[in-house]
Every structure is written in C-alpha cells, then in structure tokens.
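Each remark here refers to the structure printed beneath this line.
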Amino acid sequence: MRLSLVLFIGLLIPKVVAGQDVKITSLQELIDHAVHYNYEKMNATLDKERANYQVKEAISKGLPQVSVSGKMDNYLELPTTIFPGDMMGLPGQDVEVQMGKAYNANVNASFNQLLFSQEFFAGVKAAKTSKELYELQEYKTEEGVIYQTASFYYQYIISLKKLQTITDNLTRMLSLQEMTQLMVDQQVALSTDLDRIKVDVTNLKAIQLQQEAVTQYQLNLLKVMAGIPFSAQVNLTPFEFTPVDRVTYSNPSMSLVMEDLTDIKLLHTQLKLQQLSEKVYRAGRYPTLAAYGQLGYDARRDEFNIFQAGEKWFDYSVIGLTLSIPITDGGYKRAKIKQERLKQEQTINLLAQTREQVYVENENALNQIDNSLKMLGVQEDNTHLARRVYNQTYLQYKEGIANLTDLLNAETGLRDSELSYYQSYLNFKLAELNLWKTQGVIKYKFNIN
C-alpha cells in the first residue's frame, strides 16, 4: 500500500522530458530536484520500502497459516496387499489381495498456528531494527546527494566565472591586437610587437577551449547527480560572492551533537541489530510449540462419478499440538553466537574511530574555512591591485610611456589574480560544505526535511 502511494505521488510530480529546458535556476531548486530524482536516492527509498515488507514477512510467520488442497487418483491397477496365509486358513502361503477403489478423491483444509517461539519474537525485533537501519541509510544517502550536488554546482559556477575571465582577457587582447595593427600600419609600432600579441591571442584561445571543455564536464556531472537528463538544457544563476567571518562557523558544542550524527546513529543501530541477531541464535535453543488442525473429505468409487449427487463422502478431522525441543546442532548456534559477538566488538571499535574522525574532520573543515577566507581577502586585494596596474599600464602604453612587455605582464597578472580569486572562493564553499556535512546540518542548511 505504501509503495503504491509512493509511486502514485511520483506520477504527480512533473518529470523532465529529454531535450526540454529544465526550469531550475538556483542551487536550492537544483537540490530539491536531486533529492527526488537522483537514482541512488531513489534506490535508498526503495530499500526502505522493502524493509517494511521484511517486517511484515517476519510477523507473518506468527500468524495462522491456512491452506486448502485437493487430490484425485485414478488407479489403472489397484495396489496389491500381501497377507499371511495363516490369517485365512492357508498356512505357509502368502495371499495377494487387491484392495481399494479405482477412483479416489480427497479435499482437505489445514491450519498451523505458532504458539510459542523465542526465535520468532527475536526475529521480529531484528526485522524492525533492520527497517530503522534502512531509514538511516536513506537519510545518509540524501545527505550525500545534497553534498555532491552542491559541490558540483559550485565547481560548475566557478568554471563559468573562470571562462568569463578568460573570455574577457581574450576580448581585451583582440582589441589590443587591432590597435597594434593600426600602429604598425602607421609605422609607430614594431611588427614583432604585433606577433607577440598574436601568440598570446592564440594561447588564450587554446586556454578558452580547454576551459569550455572543463565547464561542460562539470555541467554533465551536475546533471547526473541531480537526476537531470543529459540532453536537457539548464540555466543556472551564479551565486553571490559574499564571504563571511570564521566566527559564523565555529561550533564549540560539537561533542553535544556527536550522537545525533547520521554515521554515529547508523553504527548504534548496526550494533543493536547485531545484538538482536545474537538473540535470534540464542532463542533457537528454546522449544517451539505450535497447534495444528485438519479437516477433510474422501470419496472412493468404482466408477468415475465422484461428484454425482447422492454419492457418499467420508469426512475426517484432527487437531493437535507439535512440540519441538532442540537437543544438539553440532555447535552451529554456538559458533554463530561467537561470530555475532566479534562483530559487535568491531562495531564498538568503529564507533570510537568514527567519533575521533568526526572531531578531526570538523577541525580540518574549520581550518580550511579559516585559510580560504584569509586567501580570499588576499586575492581580493590582489585582484583590485592587478586591475589598477593593468588600467594604468594600458593608458601608459597608449601614450607610448609603457612598452608592450609591461602591458602583457599586467594583462597576465590581472587574469591570474582573478582566476586565483575564484579558485579561493571555490575552496571556501567546498570547505563550508564539508563543515556542514561533518556537523550533520547540511539538510537543514538547504531546507530539506
């Protein structure tokens, strides 16, 4: 029922048709789309739904089991029974007697009901805990999808910014080439200066092509992660470059939220599941009690008139109890219990290791943010300075005060400083994502419930 409801809701959500434009412009809209259509996320949701039916499967073993069956036999030759001749006054001889009827029919209904089984109750608890594990895995998958989608989005937008910087640089160089061509025609500039500019223009065109390829590659990765068809057109709005102070990202109460992290919850649930698995094997040592019953009708005929009105059917019925007491299994359960205990020890060790990793990753993310913010400040100042140097050098070159080498160096310095600034901003955004993911707040930051 729940799976049908999920599928029905899925049909109500508008899906993207290949070749059409996707009405997504912001990172928030992109993430909203990803958590619905990312294949890994959809499979995690299906795993969770499958776990619901695994619980029902476990419970069903404790519910009444009812079945109806029927059978019809046509004996071409009646079976022969051998009796001792002593019974019939023929001592020392075997008497062969054919007994029964040529046509036999049987209809019966049977039921079984489990009355007591420690293994059953432990199995139901384990199935319910397994469901909790799948729910947490879905949550973790969703966190990963959000993180990867945002990461690819930032990389794509930064690639666009870098491409725009290179394109602007190329535009300025082409303008400089035209101006220098006029100066060469007027014999106020050397042809070697023009050749040097042409070499730089060619190099910039090659860099532009390379950056276009990188940008398209980033977009393709983003489409795959967000569940957008490859042929669909996407028009994303770049984010605003607004760095913040490190104080915004400090988290002095990290130890208080540690147990709420998905990875920690997963390990706790896994440990609980292993403990229940041990109980299942232990429960297998206890007796099992079940009730059973059967009601049936038989018909025996010399002719094929089984269902003829007025012919007699013979009924029978039986009820009873079945008690199964395990005596020995050759040490099978003992070995399985030992294995489950060793698994629990491994999970406890993994919990301790994960807690330490979270502290380290949290501190590393804060350090990365701190360093990237410092680099952003340096690169921003450097970009302003490089632009001012370029503008001054360009005016001096037009007035004949500065030479071409100074202008080309200023142009290269401006391009490199802008590219470095964008790379620093990307490092900052990725560090920010790492921190949110480490602290378990990435879904909250993107308003995903």
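The values are calculated or read from the model by the stated rules, or taken from the named source; none is laboratory data. Computed from a predicted structure; not experimentally measured. Don't worry about glycine lacking a Cβ; one is built from the backbone with ideal geometry, like all the others, and counts go over all protein chains shown.
Mind checking which pairs have a first residue in segment 374-393 that is small (Gly, Ala, Ser) and a second that is part of a helix (DSSP H, G or I), Cβ under 6 Å, 6 or more apart or different chains?
386/413; 386/414; 386/417
List the number of the failed condition for residue 331; all other conditions in (1) surrounded by fewer than 15 Cβ atoms within 10 Å (Cβ to Cβ); (2) under 30 Å from residue 75 (Cα atoms) hold.
(2)
If you scan segment 28-83, which residues turn out to be in contact with a Gly (Cβ under 6 Å, 6 or more places away or on another chain) and within 30 Å of residue 300 (Cβ to Cβ)?
Across segment 28-83, the qualifying residue is only 78.
Being among the small types (Gly, Ala, Ser) and either more than 18 Å from residue 116 (Cα to Cα) or in contact with a Cys (Cβ under 6 Å, 6 or more places away or on another chain) (or both) is the filter here; which residues of segment 30-67 pass it?
Our first condition is that a residue be among the small types (Gly, Ala, Ser); within segment 30-67, this holds for 34, 44, 51, 58, 60, 62, 67.
34, 44, 51, 67, listed by residue number.
Given the conditions (1) at negative phi; (2) without any contact (Cβ under 8 Å) to a residue 60 or more places away in the chain; (3) assigned by TED's automatic domain parsing to the domain that holds residue 110, and given that residue 56 satisfies all but one, which numbered condition is not satisfied?
Condition not satisfied by residue 56: (3).
Quick one: in segment 354-387, which of the residues that are acidic (Asp, Glu) and over 35 Å from the mean Cα position of the chain (by Cα) is modelled with the lowest pLDDT?
Step one: filter segment 354-387 for residues acidic (Asp, Glu), giving 356, 361, 363, 370, 380-381.
Imposing the further condition that a residue be over 35 Å from the mean Cα position of the chain (by Cα) reduces the set to 380-381.
Numbers: 380: 89, 381: 92.
The selected residue is 380.
For segment 166-191, how many residues meet the condition of being in contact with a helix residue (DSSP H, G or I) (Cβ under 6 Å, 6 or more places away or on another chain) and either outside the structural domain of residue 417 (by TED's automatic domain parsing) or of a type in the set (Gly, Ala, Ser) (or both)?
Number of matching residues: 2.
Considering only segment 105-137, state which residues are outside any helix (DSSP H, G or I) and either among the acidic types (Asp, Glu) or more than 25 Å from residue 291 (Cβ to Cβ) (or both). Give the derivation first.
Residues of segment 105-137 that are outside any helix (DSSP H, G or I), as a first pass: 105-117.
Within segment 105-137, 105 is the sole residue that qualifies.
Exactly one of (1) over 26 Å from the mean Cα position of the chain (by Cα); (2) at pLDDT 60 or above; (3) within 19 Å of residue 436 (Cβ to Cβ) is unmet by residue 255. Its number?
(2)
So which of 163, 194 is assigned by TED's automatic domain parsing to the domain that holds residue 218, assigned to a helix (DSSP H, G or I), without any contact (Cβ under 8 Å) to a residue 24 or more places away in the chain and under 57 Å from the mean Cα position of the chain (by Cα)?
The unique qualifying residue is 194.
Could you list, in sequence order, the residues of segment 430-445 that are in contact with an Asp or Glu (Cβ under 7 Å, 6 or more places away or on another chain) and either small (Gly, Ala, Ser) or surrounded by 21 or more Cβ atoms within 10 Å (Cβ to Cβ) (or both)?
Those that are in contact with an Asp or Glu (Cβ under 7 Å, 6 or more places away or on another chain) and either small (Gly, Ala, Ser) or surrounded by 21 or more Cβ atoms within 10 Å (Cβ to Cβ) (or both): 437, 438, 440, 442.
In segment 368-414, which residues are of a type in the set (Gly, Ala, Ser), under 28 Å from residue 193 (Cα atoms) and surrounded by fewer than 18 Cβ atoms within 10 Å (Cβ to Cβ)? Quick ask: steps written out before the conclusion?
The first filter runs over segment 368-414 and keeps only residues of a type in the set (Gly, Ala, Ser), leaving 372, 377, 386, 400, 402, 410, 413.
Going one step further and asking which of them are under 28 Å from residue 193 (Cα atoms), we end up with 386, 400, 402, 410, 413.
Result: 400, 402.
So which residues in segment 203-242 are β-branched (Val, Ile, Thr) and either closer than 19 Å to residue 419 by Cβ or touching an Asp or Glu at 6+ places or on another chain (Cβ under 9 Å) (or both), if there are any at all?
207, 214, 215, 234
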